[in-house]
There are 6 protein chains.
Amino acid sequence: MIYITRRERFNAAHRLFREDYSDEKNLEVFGQCSNPNWHGHNYELFVTVKGTISKETGFLVNLKDLSSIIKEKVIRKIDHKNINLEVDFMQGKYASTENLTVSIFEELKNAVAKLGAELHAVKIYESENNYVEYFG
Amino acid sequence: MIYITRRERFNAAHRLFREDYSDEKNLEVFGQCSNPNWHGHNYELFVTVKGTISKETGFLVNLKDLSSIIKEKVIRKIDHKNINLEVDFMQGKYASTENLTVSIFEELKNAVAKLGAELHAVKIYESENNYVEYFG
Amino acid sequence: MIYITRRERFNAAHRLFREDYSDEKNLEVFGQCSNPNWHGHNYELFVTVKGTISKETGFLVNLKDLSSIIKEKVIRKIDHKNINLEVDFMQGKYASTENLTVSIFEELKNAVAKLGAELHAVKIYESENNYVEYFG
Amino acid sequence: MIYITRRERFNAAHRLFREDYSDEKNLEVFGQCSNPNWHGHNYELFVTVKGTISKETGFLVNLKDLSSIIKEKVIRKIDHKNINLEVDFMQGKYASTENLTVSIFEELKNAVAKLGAELHAVKIYESENNYVEYFG
Amino acid sequence: MIYITRRERFNAAHRLFREDYSDEKNLEVFGQCSNPNWHGHNYELFVTVKGTISKETGFLVNLKDLSSIIKEKVIRKIDHKNINLEVDFMQGKYASTENLTVSIFEELKNAVAKLGAELHAVKIYESENNYVEYFG
Amino acid sequence: MIYITRRERFNAAHRLFREDYSDEKNLEVFGQCSNPNWHGHNYELFVTVKGTISKETGFLVNLKDLSSIIKEKVIRKIDHKNINLEVDFMQGKYASTENLTVSIFEELKNAVAKLGAELHAVKIYESENNYVEYFG
């Protein structure tokens with residue numbers, strides 16, 4: 001079993017808040033991240049897949065194919081977008097990094113399987129001090 | 001003459017656009033950065049000051065004082081904010097990294113002089129691939 | 001199960017040595033790290049906690065709370081200190097990164113549990129070329 | 001059980017190709033990496049070993065010993081070399097990062113055991129966007 | 001006057017040697033870098049341009065245009081190539097980072113001028129420990 | 001004129017204080033950095049030299065020679081040492097990064113000249129947030 005990880009990046013705006021909370025209550029629970037006028041991040045996305053090495057190519061998967069899948073399923077939809085308003089796979093969810101990580105895992109799972117590998121982990125850096133990981 | 005640089009960070013939303021352009025024209029000129037629903041970045045801000053070393057302390061400036069000035073004049077106003085809508089020193093300007101860099105230089109210039117040093121440069125990383133510098 | 005990691009940093013002095021060894025013997029076993037006049041590092045501390053996402057907030061834990069715990073239990077005691085002489089949770093132990101990592105895990109374990117998460121791992125970078133991990 | 005990781009680096013040339021493929025077929029399968037005139041990388045190698053902390057030294061292993069083993073078994077043979085033509089442990093294998101990672105794991109396994117630790121993982125960064133891990 | 005820098009990356013093989021030297025003499029003068037079977041690097045290229053901010057766009061130059069020029073004039077020719085054998089602007093020159101930096105500056109100078117800016121500097125990282133800068 | 005920079009690293013302990021101040025006064029002026037039991041850092045040292053490219057080698061200087069000089073004149077004396085107590089070129093000076101940068105510049109100036117280049121700058125990172133530069 002071998003593991004290979006591809007990094008992609010996206011920039012996006014978001015806001016952490018509950019619609020049923022007042023702005024004051026949102027500020028209390030979510031802090032600065034609840035700013036009604038949005039803020040944003042340079043997100044780093046690490047996608048790890050696992051499987052066996054092909055005897056024909058020496059590859060687990062072709063990284064170009066893995067990169068294409070991540071771009072089609074995730075980056076195209078979220079880069080330079082507003083996560084709360086514009087990203088289909090985040091509709092109806094709080095735009096926390098935890099929810100984002102789980103949702104991206106679900107977006108990628110089947111497409112990775114079609115490459116002949118298994119999705120092992122999705123990891124997202126929101127800042128140099130914080131990251132979230134999900135293993136399914 | 002010695003130079004000392006302090007890094008601070010902020011996360012913010014912004015949009016590149018002209019009000020007198022249509023969304024289509026904005027998209028043509030500013031690309032994805034003109035998304036009407038905003039996007040955002042983790043900005044890294046490098047402030048370089050210059051001067052002579054104090055014989056009393058061995059310092060050019062006390063870095064805590066320099067950091068405090070940057071936080072009061074810049075970070076407090078821009079971190080977790082919308083650059084177009086909420087930042088006083090960016091009012092009436094396009095929210096490009098170029099304009100942001102010049103504006104932060106102007107914000108800091110006099111306050112640095114009061115510390116007994118001269119503001120040499122402001123440098124802003126918008127992403128790992130792009131940065132802007134201004135020397136006054 | 002979701003995993004979230006917070007990075008904090010501290011700068012400290014230390015020395016690797018045994019009191020029952022001569023300086024020569026310490027130099028032989030511990031190398032330059034046994035210098036009787038101390039040396040030091042910029043340590044990077046990564047604390048990983050795991051658990052389930054709150055339906056109320058979309059968070060595993062509030063990162064501000066996690067950061068506060070790390071600062072109170074670890075950073076406040078060790079930053080700009082001498083690990084051998086001044087850090088209560090390192091008393092009577094060799095100041096190796098291995099022992100430091102285990103000790104910080106033990107310091108944080110119960111406090112993380114009170115946040116409603118489980119401490120998964122502590123990882124310490126002593127230099128860009130070396131790091132230690134402990135999973136309890 | 002404690003885990004310690006040592007990073008070493010090497011620069012090397014390589015080519016991804018099958019001898020039984022034409023240059024055109026190699027280009028189709030392996031892309032730019034099949035260039036007959038070679039290309040190269042700055043590889044970063046992370047070697048993780050695990051075991052128990054020595055009561056005598058506070059160490060899992062002496063990092064100088066671990067570094068020496070990696071240099072003797074791997075770096076000396078591959079740094080500033082052509083992976084396809086000159087590296088004994090890669091003879092007869094495609095020079096993919098996957099195969100390189102597995103081969104380095106096999107090179108190091110017994111030597112690490114002699115230090116009194118167990119080889120846990122080998123991880124190789126081929127670029128800032130791609131890395132491969134193998135756990136045996 | 002404002003300065004903006006764009007980073008691009010390329011991977012390439014090269015060899016430092018003089019044809020009129022023996023392999024032994026090349027080894028003595030150029031060290032491991034003279035390996036006749038080549039070695040390679042992940043190069044990081046930083047291109048800095050300077051000029052005035054456009055009142056129409058708030059930009060010095062459109063970074064997409066700058067990136068396109070760098071890709072057309074440099075990256076397309078050198079990425080995944082052998083610098084000694086395949087790169088037109090390096091023909092007849094030793095493949096040192098110094099010569100590479102000067103040559104890329106010359107490649108880019110006129111094209112940057114057509115964007116309405118002036119080429120200020122080219123900087124190349126050959127490894128995390130070495131970089132070369134040229135200002136024309 | 002071409003510029004080449006070499007990075008070297010060292011780990012050291014230090015303390016910022018004046019002997020004629022009380023511990024309280026030192027704490028007030030120098031903050032945590034005045035801890036009488038020392039603290040320490042992983043310092044990163046960047047040495048930039050300038051000159052013309054040799055027609056014989058394509059080099060400005062041989063980086064191995066530059067690295068050897070830095071190691072002999074600086075790293076050997078300061079790595080894993082106490083800057084206040086053990087470093088000859090810091091005797092009688094406050095151990096601030098400013099003074100350290102100037103002193104290392106003076107240590108290296110003549111030795112770089114003997115290589116046939118001119119010392120342009122010394123830059124020291126004390127942490128990821130602070131660095132000092134000196135140009136002579």
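Each value in this text was obtained by applying a stated rule to the coordinates, not by laboratory testing. Computed from a prediction, not measured in an experiment: that's the story for all the values here. Cβ sites come from the backbone with ideal geometry, for glycine too, and all protein chains shown count toward neighbours.
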Checklist line | Within segment F:1-55: Cβ-based charge dipole about Cα centre, in debye rounded to nearest 20 (Lys, Arg +1; Asp, Glu -1) | finding: 640
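For segment E:90-136, rounded, prolate or oblate, judged on the Cα gyration tensor with a ≥ b ≥ c (square roots of eigenvalues), a/c < 1.5 rounded, else prolate if a/b > b/c?
Because a/c hits 1.5 or more and a/b fails to exceed b/c, segment E:90-136 counts as oblate.
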Next item on the list: Let me know the charge dipole size of the protein assembly as shown about its Cα centre in debye, to the nearest 20, where only the beta-carbon of Lys, Arg (+1) and Asp, Glu (-1) is charged.
Entry: 0
Notebook entry, point to check: Which far-off residues, 5 or more places away or on another chain, put their amide H under 5 Å from the one on F:Asn82, with H placed in the peptide plane?
Noted result: F:Ala13
Item checked: 18 Å Cα-Cα reach of E:Lys109 towards lysines, excluding residues that sit fewer than 8 places from it in its own chain -> E:Lys50, E:Lys64, E:Lys71, E:Lys73, E:Lys77, E:Lys123
Next item on the list: Specify the longest stretch of chain D that does not include any exposed loop site, a site being one of the GluC sites (Glu not before Pro) with a non-H, G, I, E, B DSSP assignment and at most 15 other Cβ atoms within 10 Å.
Entry: D:57-127
Check: Which net charge results when you count Lys and Arg as +1 and Asp and Glu as -1 among the other residues whose beta-carbon is under 13 Å from that of E:Glu118?
Finding: +3
Check: Given the C-alpha centroids of segment B:1-72 and segment F:71-98, what is the distance between them in whole angstrom?
Finding: 34
Next item on the list: Could you point to the residue in B:Ala113, B:Tyr125, B:Trp38 farthest towards the positive end of segment B:2-134's charge dipole, with +1 and -1 charges on the Cβ of Lys/Arg and Asp/Glu respectively?
Entry: B:Ala113
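Assigning unit charges at the beta carbon (Lys, Arg +1; Asp, Glu -1) and nothing else, what dipole magnitude in debye, to the nearest 20, does chain C show about its Cα centre?
With only Lys, Arg, Asp and Glu charged at Cβ, the dipole is about 600 debye.
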Checklist line | Relative contact order computed over segment C:2-134 (Cα-Cα under 8 Å; 6+ residues apart), in percent | finding: 31
Notebook entry, point to check: Which three semi-axes in whole Å describe the equivalent ellipsoid of the protein assembly as shown, each the square root of 5 times a Cα gyration tensor eigenvalue, listed largest first?
Noted result: 35, 35, 33
Next item on the list: Count, for each residue of C:63-70, the Cβ atoms from other chains sitting within 10 Å of its Cβ, then give me the mean as a whole number.
Entry: 2
Check: For A:Phe135 and D:Asn110, FRET efficiency with R0 = 45 Å and r from the beta-carbon atoms, rounded to 0.05?
Finding: 0.90
Check: Quick one: what does P(r) look like for chain F with 10 Å bins over all Cα pairs, in whole %?
Finding: 12, 41, 29, 13, 5, 1, 0
Next item on the list: With label points built 7 Å along Cα→Cβ from the Cα atoms of C:Ser127 and B:Glu72, find their separation and express it in nm.
Entry: 4.1
Item checked: Peptide F:29-37, shielding by other chains (average Cβ, 10 Å cutoff) -> 5
Checklist line | Unit charges at the beta carbon, dipole of chain F: most positive-side option, F:Leu85, F:Phe135, F:Tyr3 | finding: F:Tyr3
Notebook entry, point to check: When the helix-only estimate is applied to chain F (DSSP H runs of n ≥ 4, each -39,500 (n - 2.57), divided by the residue count), what is the mean residue ellipticity at 222 nm, nearest 500 deg cm²/dmol?
Noted result: -8000 deg cm²/dmol
Note to self: To confirm my reading of the symmetry, which residue of chain D has the Cβ nearest the axis that brings D onto E, and what whole-Å distance does it have?
What the structure shows: D:Gly40, 0
